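Heads up, the thing below is written out as structure tokens.
The values are calculated or read from the model by the stated rules, or taken from the named source; none is laboratory data. All values reported here derive from a predicted model rather than from experimental measurement. With ideal geometry, Cβ positions are generated from the backbone for all residues, glycine too; neighbour counts draw on all protein chains shown.
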């Protein structure tokens, strides 16, 4: 079949493609029209998507090539799907990720405990900085006391058992939508013998983790909307440190540090500078009790204009990004 490589681009994580993105992925964009003519793709106002025949052909072709992916379903927001795809492709071409494995997951929803109402999560002081109040809430202290973060990992603690425990304690879950989750498994061969626990739904063990969200204009007109996103990220880190990966979240089994960075992605470099200038002065207040964690802002413009390919994500982010807040080791 002609155009197999292009057809297989339409996996679960990437439901929407256009000619620009197919070319960016290193494939022939003319195949899109050929696959459309054959009935495997349908063209919308903004992109190409799989038809039902295309999904069936995807499954057959994936099986022939031992490609462990499923065909994409329709996207609720094609424009956002295209933007997420573009971000992942641009990042992937920008650094090698030497001695490791790169993994990009667009549109990742992070589930965590406890879910806290925004008004109970933080207050804003007279200077406009967030004061985090969630630490003193009963659900947080109950989880912290019942699941010490320095305890020995419980391999039998499944997601179902966690949910049952939380339900019995009347602790609600929370969620945080990420536009892109980028994981880099450093020195992968040294960790192959250690299988992540079943509770590690997002496979964060032994990875540097970069949680990416597109900026919104409301962050400037209503900073509480930004603080809410950061506060949810705090609670997600709390959940993973105490419940999912105790003792192996911020440091792996070989006592190497794993990075947790919340990265806000702007369209233009001008806006990235604006984000940095607006929020950098409150960096320590933004990270607060969730340290260690970093906060960055990087523009799609700077990612796209970056020339060459860096060895590591550290080198790349240092050259293109704006570090709003950082937790230094030790």
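Things worth noting here:
- Qualifying residue in the range 19-29 (condition: in contact (Cβ under 8 Å) with a residue 60 or more places away in the chain, touching a helix residue (DSSP H, G or I) at 6+ places or on another chain (Cβ under 6 Å) and outside any loop (DSSP other than H, G, I, E, B)): yes
- Residue within the range 245-255 that is in contact with a strand residue (DSSP E or B) (Cβ under 7 Å, 6 or more places away or on another chain) and over 21 Å from residue 144 (Cα atoms) present: no
- Of all residues in the range 136-175, those that are within 30 Å of residue 278 (Cα to Cα) and either modelled with pLDDT under 95 or more than 25 Å from the chain's Cα centre (by Cα) (or both) total 2.
- Condition broken by residue 101, with the remaining ones in (1) under 30 Å from residue 145 (Cα atoms); (2) over 15 Å from the mean Cα position of the chain (by Cα); (3) assigned to a strand (DSSP E or B) satisfied: (1)
- Residues of the range 287-324 that are more than 16 Å from residue 215 (Cα to Cα) and touching a helix residue (DSSP H, G or I) at 6+ places or on another chain (Cβ under 6 Å): 289, 290, 293, 304, 306, 310, 316, 320.
- If only residues of the range 30-71 that are assigned to a loop (DSSP other than H, G, I, E, B) and buried (at least 18 other Cβ atoms within 10 Å of the Cβ) are counted, the one that is farthest from the chain's Cα centre (by Cα) is 40.
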